[in-house]
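The values are calculated or read from the model by the stated rules, or taken from the named source; none is laboratory data. Only a predicted model underlies this, so the values are computations on that prediction, with no experimental measurement involved. Glycine gets a Cβ as well: all are built from the backbone with ideal geometry, and neighbour counts include every protein chain shown. What goes into the accessible areas is simple: the full protein's heavy atoms, side chains included, and nothing from ligands, DNA or RNA. Shrake-Rupley method; radii C 1.70, N 1.55, O 1.52, S 1.80 Å.
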Amino acid sequence: HDFCKENNLTYHLGGGTLLGAVRHKGIIPWDDDIDVDMPREDYERLLKLADKFPTPFSVKHFKTDNDYVYPFIKIYNPKLQVTEFFGQQSYTSGAWIDVFPMDGVPTNMRFRKLHFFVVSKLRFLFQLKNRGYQSPQNKESKSYYLKRLVKPAIALVLSVLPKNVVFNVMDRTAAAKGYGSSEYIGAFYSPYGVKASFPKSVYSETLQNEFNGHLFNIPVDYDLFLKSQYGDYMTPPPPKERQTHKIEIVSLKD
């Protein structure tokens, strides 16, 4: 928050973090990371200012680290080492904040869904290129044998392409419709898909809301934002539906 304020960067709490701010006045008790949304222009400026971010935190992105496996910015705190599991693979890094770029999206819902669908498939290719082929585990799945055939074939084709080519095609497709000229905006790299798209008027003003004892930025029409993604967002889900990342805390340094 302080860094964005000092550098005139626009941000808002997003996803489960915005939900936590409104419903719990802090992090959701079963959540394990922070979500932040930024307009594409501010997001790109954050990348350029990454080396000025205060220690011990580090700003990571594929544009600056070719071995990075995510299509969006993560800000890490190396003092708290965490292992995150993806199927048969795992990555150990600091506790993180996810920063998602907000891009323009089509006003027409059919075209908007198509735009999100295309980016999601390009993201699949990006992840397959970066993380490599992982054999499907659920043999009861109807698509098990299809995945066993198709994924290795796609991975073979991708092996001849540089990583940055796959990323650039995906990211430019996400940013194809400019934020400034669009009536609707969305976070293509959010796990909520097309639900993470709203009229830009949701962000026409910025409010301050308590989160873990501090005040942070939230969109003025947070109600529309949260209803779109969660429906009756003030009612917590039953325990069996409370989702978390598959993580394990490795170490905590002073």
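Quick rundown of the values:
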| item | result |
| --- | --- |
| Candidate set: the range 1-44, residues that are of a type in the set (S, T, N, Q) and more than 18 Å from the chain's Cα centre (by Cα); chosen: the one nearest to D223 (Cα to Cα) | N8 |
| All positions within the range 185-206 that are of a type outside the set (F, W, Y), outside any helix (DSSP H, G or I) and open to solvent by 30 Å² or more (accessible area, probe 1.4 Å) | P191, P199, S204, E205, T206 |
| Lone unmet requirement of (1) open to solvent by 40 Å² or more (accessible area, probe 1.4 Å); (2) closer than 26 Å to T244 by Cβ; (3) of a type in the set (D, E, K, R) for D33 | (1) |
| Residue within the range 218-236 that is at pLDDT 95 or above and in a strand (DSSP E or B) present | yes |
| Sole residue being closer than 27 Å to D31 by Cβ, at pLDDT below 95 and under 19 Å from the mean Cα position of the chain (by Cα), chosen from S190, S197 | S190 |
| The range 4-47: number of residues that are in a helix (DSSP H, G or I) and of a type in the set (D, E) | 4 |
| Members of the range 61-81 found to be of a type in the set (V, I, T), in a loop (DSSP other than H, G, I, E, B) and open to solvent by less than 20 Å² (accessible area, probe 1.4 Å), listed by number | V69 |
| The range 207-233: number of residues that are touching a residue at least 12 places away in the same chain (Cβ under 8 Å) and either surrounded by 13 or more Cβ atoms within 10 Å (Cβ to Cβ) or within 21 Å of P191 (Cβ to Cβ) (or both) | 18 |
| Which listed residue, of N130, N164, N168, is among the polar types (S, T, N, Q), at pLDDT 90 or above and assigned to a helix (DSSP H, G or I) | N168 |
| Considering residues of the range 48-58 that are assigned to a loop (DSSP other than H, G, I, E, B) and not hydroxyl-bearing (S, T, Y) only, the residue most open to solvent (accessible area, probe 1.4 Å) | F57 |
| Output for the range 99-119, where each listed residue is surrounded by 16 or more Cβ atoms within 10 Å (Cβ to Cβ) and either modelled with pLDDT under 95 or among the aliphatic types (A, V, I, L, M) (or both) | V99, M102, V105, V119 |
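Table: residues versus (1) hydrophobic (A, V, I, L, M, F, W, C); (2) more than 17 Å from Y189 (Cα to Cα).
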{"site": "R45", "(1), (2)": "no, yes"}
{"site": "K63", "(1), (2)": "no, no"}
{"site": "K74", "(1), (2)": "no, no"}
{"site": "Q88", "(1), (2)": "no, yes"}
{"site": "G94", "(1), (2)": "no, yes"}
{"site": "I97", "(1), (2)": "yes, no"}
